[in-house]
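See structure below.
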Amino acid sequence: MYPLKLLLLVCCLLSLNTLKGQSPYTRERWRPVLHFSPKANWMNDPNGLVYYGGKYHLFYQYYPGAMVWGPMHWGHAVSKDLVQWEHLPIALYPDSLGYIFSGSVVVDENNTAGLQRGKEKTLVAIYTYHDPLGEKKGTSDFQTQGMAYSNDGGYSWKKNTNNPVLKNPGIKDFRDPKVSWYAPEKKWIMTLAVADRVHFYGSTNLKEWTFLSSFGEREGSHGGVWECPDLLRIQEAAGGKEKWVLLVSIGNGGPNGGSATQYFTGHFNGQQFINEEAPEMVKWVDQGTDNYAGVTFFNAPGKHPVFIGWMSNWLYAQQVPTSPWRSAMTIPRQLKISTLHGQTRLLSEPVPAAVASLKKIVPDTREQLIENNLVAYSMDFKIDLTKYPSNDTVLIARWNNTAGDILLLRYIVSQEMIEIDRTQAGVHDFHPEFGKIIRGKRIKKSNELKIHIIMDHSSVELFADEGSLAMSVLLFPRQHLQFFSTLL
Ligand code: FRU
């Protein structure tokens, strides 16, 4: 008995320590430690993010048949703390109405759909059916909204027998329903991406939906089709001002090319969203290349919405060199708002549990050797900008390895731009758009530039000035980026 107990204790300590003590680099090449990734095959958007019964449920666009996009299923994982994820069986499979595209899950607290059996609240999934046959035939109504529900807290799902719950009015791109509860009128709101607009629908029972309004004509960026919207109400930390925030991913035209997520701030009155900014103003959730289709959890505990994005870009997602899986999610982030220079800005910060799970490396002015097997860690920089002439480019940090890969972090003072230079940071020949310098415009104008960085094997996530500028960037170094130096 005694040696077995000892063995169990040692195993337990080792597993508790996987993040702080770092898992060995000998794991699959480029597999992140902290970021969620599927065991194998293709993943894209996070779907149906919901907190219920003490667990965060993450569903995701999943093709179990290959490492490229294909007939979509909903993969499934759960977590108690947004750090350690447990993989679960596939939740939703394609059926005669089509593939299961992106969508959301709500907890039907008041049993508005009448589907509750027993004590457990019903979890209702509203998602897009994409009918590949209709698409092939050249019809324009091949995307509709379907419904499924769970009576056991999200672990098993039944499809509604009367699908679809929302038919297509003849618009090709008609998808990604994000459902939320509008308490003042005790009704559900569906925020739907329709071509390059958002349409709002209302319902009292999740089964019958009425069109409310359209938003987006001449508003924000239209570099591509609009996808995966999310409508949120966020309270400003200091003072308690409340704003509505509308997240909208766009398939193309992001600040560094390809797909990215913009946001609008303003007011939602139960019917319509009113943008408070000039229509041509474009604000980005993340100015890096690799954060797309992000949405927030329904019912998450705590004051701040919790967001997860897909950490890739449609430009090259299907060519990135990982195997046997493709794609990871961003670190879960808390969203806040703040007024900066007269504008409402979204602040994203990694959730505290994720930060606490990571070892913090203190940047030193000598060249540092990052512990051999340390693949995930955080770093903080504070830069006093009064020290640098206005025409300067400040080399904030440099990571390298013995294979000759170099990752650079710079700040261009005159342009107020942070640069993450991955042009020499490892493998990039899988796509001509990958090996580029990625630039993010600073939002806050102060003499102290604060940067928080999370490295995790094949990605850098950067949060500057309390998260008013976030940049998520993938990279594929040929060896672990082992050495670090800063010239600050
Ligand atoms: C966004 C998206 C969604 C769609 C899904 C299909 O990345 O194109 O609009 O529902 O992916 O996998």
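The values are calculated or read from the model by the stated rules, or taken from the named source; none is laboratory data. Worth saying up front: this structure is predicted, and the values here are computed from it rather than measured. Please note: Cβ atoms are built from the backbone with ideal geometry, for glycine as well, and neighbour counts cover all protein chains shown. Note: accessible area is taken over every heavy atom of the protein model, side chains too, but ligands, DNA and RNA are not part of it. Shrake-Rupley method; radii C 1.70, N 1.55, O 1.52, S 1.80 Å.
With the Cα gyration tensor of the chain in hand, give its eigenvalues times 5 under a square root as the equivalent ellipsoid semi-axes, listed largest first in whole angstrom.
36, 27, 22
What whole-number distance in Å separates the alpha-carbon centres of region 62-123 and region 284-301?
Computed from Cα coordinates, the inter-centre distance equals 18 Å.
Tell me whether region 140-275 comes out rounded, prolate or oblate; compute the Cα gyration tensor, take square roots of the eigenvalues as a ≥ b ≥ c, and use a/c under 1.5 as the rounded threshold.
Oblate is the answer for region 140-275, as a/c is 1.5 or above yet b/c matches or exceeds a/b.
Defining a contact as two alpha carbons under 8 Å apart and six or more residues distant in sequence, what relative contact order in percent does the chain show?
13
Calculated from DSSP H runs of 4 or more alone, at -39500 (n - 2.57) each and per residue, what is the 222 nm mean residue ellipticity of the chain, nearest 500?
Value at 222 nm, helices only, nearest 500: -1500 deg cm²/dmol.
Using the Cα gyration tensor of region 375-454, with a ≥ b ≥ c the square roots of its eigenvalues, what is the shape: rounded (a/c below 1.5), prolate (a/b larger than b/c) or oblate (neither)?
It is prolate, given that a/c is not under 1.5 and a/b is the larger ratio.
Convex hull over the Cα atoms of region 155-235, averaged projected area in nm²?
That works out to 7.4 nm², a quarter of the Cα hull's surface.
First select every other residue whose beta carbon is under 10 angstrom from the beta carbon of Asp465; then total the charges, Lys and Arg +1, Asp and Glu -1.
So the surrounding residues net to +3.
Using the Karplus curve 6.51 cos²θ - 1.76 cosθ + 1.60 with θ = phi - 60°, what ³J(HN,Hα) values do you get for each residue of region 454-466, in whole Hz, with x for Gly and Pro?
Per residue, the Karplus-derived 3J(HN,Hα) values read 10, 9, 8, 6, 10, 7, 10, 10, 10, 10, 9, 6, 6 Hz.
Scan region 298-380 for trypsin sites (Lys or Arg not before Pro) in coil per DSSP, keeping those whose Cβ has at most 13 other Cβ atoms within 10 Å, and list them by number.
Lys303, Arg366
What are the GluC sites (Glu not before Pro) within region 59-133 that DSSP puts in a loop, where the Cβ has at most 16 other Cβ atoms within 10 Å?
Answer by residue number: Glu109, Glu120.
Label points 7 Å out from Cα along the Cβ direction at Ile437 and Ala195: separation in nm?
With each label point 7 Å from Cα toward Cβ, the separation is 3.9 nm.
In square nanometres, what is one fourth of the surface area of the convex hull spanned by the alpha carbons of region 59-174?
One quarter of the hull surface, i.e. the mean projection, equals 8.5 nm².
For every other residue with a beta carbon closer than 15 angstrom to the beta carbon of Ser221, add +1 if it is Lys or Arg and -1 if Asp or Glu, then tell me the sum.
With Lys, Arg at +1 and Asp, Glu at -1, the neighbours total -3.
Specify the inter-centroid distance of region 417-437 and region 167-214, based on alpha-carbon positions, in whole Å.
Region 417-437 and region 167-214 have Cα centres spaced 39 Å from each other.
Give the carbon-plus-sulfur fraction of the accessible surface of the chain in %, rounded to a whole number; probe 1.4 Å, heavy atoms of protein chains only.
For the chain, the apolar C and S fraction of the accessible surface comes to 52 percent.
Per residue, how much accessible surface does the chain expose to a 1.4 Å probe? Answer in Å², no decimals.
40
Quick one: of Lys39/Lys303; Lys119/Lys178; Lys80/Lys159; Lys336/Lys445, which pairs are farther than 21 Å apart, Cα to Cα?
Check vs 21 Å cut-off fails for Lys39/Lys303; Lys119/Lys178; Lys80/Lys159.
Within 10 Å, count the other beta carbons around each residue, average over each peptide in 123-131, 157-165, 39-47, 74-82, and list them highest first.
123-131, 39-47, 74-82, 157-165
Where the only charges are on Cβ atoms (+1 Lys, Arg; -1 Asp, Glu), what is the dipole of region 404-472 about its Cα centre, to the nearest 20 debye?
320
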